[in-house]
Amino acid sequence: MTETPAIPDHRPVLDHGFVRLDAVMADDLSVVNAARVSFARRKDAMDASDEGLIRFLMRERHGTPFEHNSFRFHVRCPIFVAREWFRHRIGSFNEFSMRYAKATDDFYVPAPEDVRSQVGKPGAYTFESVDPELAESTRETLESVYRTAYEAYEQLVEAGIAREIARCVLPVGAYTEFFWTVNARALMNFVSLRAADTAQREIRRYAEAVESFLAEKMPVTYDAFVANDRTSP
C-alpha cells in the first residue's frame with residue numbers, strides 16, 4: 001500500500017465547514033494481513049474467508065489489526081466542535097493558530113431547524129425545536145454578537161495588540177481548522193461516540209462525514225462495525 005496524496009474528496013458540513021480526506025493509507029486487506037502475520041501469512045487480495053476473519057475480529061474485539069492503516073483528514077469546524085473532537089486522544093492533531101494568522105470572520109449560525117431548547121436534567125437531556133420567531137431572533141442575536149466581537153478583534157489588532165491577546169474576544173462559534181491523522185480503530189471509536197443520538201448535533205454532522213470515508217475506503221470493516229452495533233473493537 002502506498003499513500004495517496006492530495007485526495008480531493010470533501011464533505012461540506014454546517015454553514016462554513018467541511019471534512020476533507022487529505023490522504024489515506026487504509027483498506028480491508030491491511031486488517032487481514034495484520035491479523036495473519038501471527039501465522040507468517042500474507043495475502044494480496046481479499047476473499048470470503050478474509051471477510052469472515054474481519055467479522056470475527058470485530059465481534060470478538062480483537063482490535064489491534066484495525067490499527068495498521070491511516071486516514072488524514074483536514075477539518076474546518078466551529079471551535080466548540082473542535083474542543084469536543086480533541087478529547088479523542090488516539091490520533092494526531094495540528095490546528096490553525098490565531099497567534100500567527102488573522103482570525104477568520106466565519107462564525108457558526110445554526111439553521112432555523114437546528115435552533116433548539118434543552119429539556120431535562122444533566123445527563124438526561126432531550127432537545128426540542130422552538131417556534132420560528134424565536135429561532136430567527138436567536139440567529140440574529142448570534143450574528144450581532146459575532147459582528148461586535150470581530151470588530152473588536154480587528155480594532156485591537158490595528159491598535160498594535162498582539163493577535164494572541166486580541167483573539168480572546170472571539171466566541172467559540174468562530175471557525176477553526178485542523179489536520180487529524182487517525183487509524184481505523186480510533187476512527188470507529190470516534191464515530192461510535194460522536195455519531196450517536198446522544199452526541200451534540202453539530203459534531204454528529206462531522207462524525208457522519210468521516211464515517212462516510214470509512215465506509216468508502218474499508219467497506220468490509222465498516223459493514224462488520226455496523227453489524228457489531230457500531231461498537232469499536
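What the table below lists for this structure:
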{"read-out": "Selection within the range 53-78 - polar (S, T, N, Q) and closer than 30 Å to Glu177 by Cβ", "value": "Asn69, Ser70"}
{"read-out": "Residue ID - surrounded by the most Cβ atoms within 10 Å (Cβ to Cβ), chosen from residues in the range 222-232 that are touching a residue at least 12 places away in the same chain (Cβ under 8 Å) and under 19 Å from the mean Cα position of the chain (by Cα)", "value": "Phe225"}
{"read-out": "Options Glu211, Glu151, Glu216, Glu128: the member that is over 23 Å from Val75 (Cα atoms) and either in contact with a helix residue (DSSP H, G or I) (Cβ under 6 Å, 6 or more places away or on another chain) or part of a helix (DSSP H, G or I) (or both)", "value": "Glu151"}
{"read-out": "Options Ala184, Ala209; residue that is under 26 Å from Asn94 (Cβ atoms) and either touching an Asp or Glu at 6+ places or on another chain (Cβ under 8 Å) or not assigned by TED's automatic domain parsing to the domain that holds Leu14 (or both)", "value": "Ala184"}
{"read-out": "Residue among Val119, Val130, Val157 that is over 24 Å from the mean Cα position of the chain (by Cα), more than 24 Å from Arg205 (Cβ to Cβ) and among the β-branched types (Val, Ile, Thr)", "value": "Val157"}
{"read-out": "The range 95-125: number of residues that are of a type in the set (D, E, K, R) and part of a strand (DSSP E or B)", "value": "2"}
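The values are calculated or read from the model by the stated rules, or taken from the named source; none is laboratory data. As the structure is a computational prediction, the values presented were derived from the model and not from experiment. So basically every Cβ, Gly included, is an ideal-geometry build from the backbone, and we count neighbours across all protein chains shown.
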